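Here's the structure, in structure tokens; my notes come after.
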Amino acid sequence: MDLTSVQKAYRRLASTYDTFFGAIFHPGRKAVVENLDLSPGDRLLEMGVGTGLSLPLYPRDVEIYGIDVSEPMLEKAREKKVSHHLDNVKELEVVDAEATHYPDDAFDVTVAAYVVTVVPNPAKCIDEMRRVTKPEGELVIVNHFHSENPVLGAFEKALAPLSATVGFRPNMRERDLIEQTGLEVTERRRVNLFRYWTMLKCRNNKAARAS
Ligand SMILES: C[S@@+](CC[C@H](N)C(=O)[O-])C[C@H]1O[C@@H](n2cnc3c(N)ncnc32)[C@H](O)[C@@H]1O
């Protein structure tokens, strides 16, 4: 996966994304929002905000910043900001989640919903989440990770060469991601259909940053 193939995949997917991935991923997005420790006036950054399906779920007294590398996906998010009157959504911009322009400690919470297996370099994305989040803040991730079930696992392995076409890496292991990034998970919950996806709530252990 490189940035060009990500942008190509999501330019193709943008117009149908909500139909195919709206309802099926919705419980995971809801679980993320329900588990956030937010106070009025807090600032939240959503990495890979896509078509903005999470935006209406966030509390209205929290400032939301959304970034993505796909302009066609962001156009759909901007439409939701208008149609749902989301005045608390302050920014929806083309920014690479692996190298943002935000200063250190700019946010109380960073969220990555169905993104860490899509970005070209997941460890860099998590490092960036740590950098821009306050030391006492949290990182919340929801994603599918490689299945330990032998049949599903074999299927996902077979799909792996098609990553650039399907727009995500089907065979990334949760334990590898945690090992590579030193993520400090405080809560872990299985979500969505067949509990096939995982939500990870993490303390912002800045000291574990790789770079
Ligand atoms: C599977 S979609 C998830 C969208 C949304 N978070 C949701 O819940 O439906 C993955 C999104 O990550 C974006 N993305 C991939 N790599 C990125 C990067 N390096 N920086 C920012 N966004 C990225 C894609 O453009 C796409 O919109």
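The values are calculated or read from the model by the stated rules, or taken from the named source; none is laboratory data. Small disclaimer: the values here were computed from a predicted structure and weren't measured. All Cβ positions, even for glycine, are placed from backbone atoms using ideal geometry, and neighbour counts span all protein chains on display.
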Where residues in the stretch 82-109 are in a strand (DSSP E or B) and more than 12 Å from the ligand (Cβ to nearest atom), which of them is nearest to Tyr58 (Cα to Cα)?
-> Val89
Within the stretch 98-139, can you find the residues that are closer than 22 Å to Asn35 by Cα, within 12 Å of the chain's Cα centre (by Cα) and not β-branched (Val, Ile, Thr)?
-> Ala112, Ala113, Tyr114, Cys125, Met129, Leu139
Select from the stretch 55-96 the residues that are closer than 24 Å to Val6 by Cβ and of a type in the set (D, E, K, R) and list them in ascending order.
-> Asp68, Glu71, Glu75, Lys76, Arg78, Glu79, Lys80, Lys81, Glu91, Glu93, Asp96
Residue count, the stretch 113-128, condition in contact with a Phe, Trp or Tyr (Cβ under 9 Å, 6 or more places away or on another chain) and in a helix (DSSP H, G or I), comes to 1
Could you check Gly153 against (1) modelled with pLDDT of 95 or more; (2) surrounded by 13 or more Cβ atoms within 10 Å (Cβ to Cβ) and say which number it fails?
-> (1)
Return yes when Val49 is within 12 Å of the ligand (Cβ to nearest atom) and assigned to a loop (DSSP other than H, G, I, E, B) and no when it is not.
-> yes
Kindly check whether there is at least one residue in the stretch 118-141 that is of a type in the set (Ser, Thr, Tyr), in contact with a Leu (Cβ under 7 Å, 6 or more places away or on another chain), within 14 Å of the ligand (Cβ to nearest atom) and touching a residue at least 24 places away in the same chain (Cβ under 8 Å).
-> no
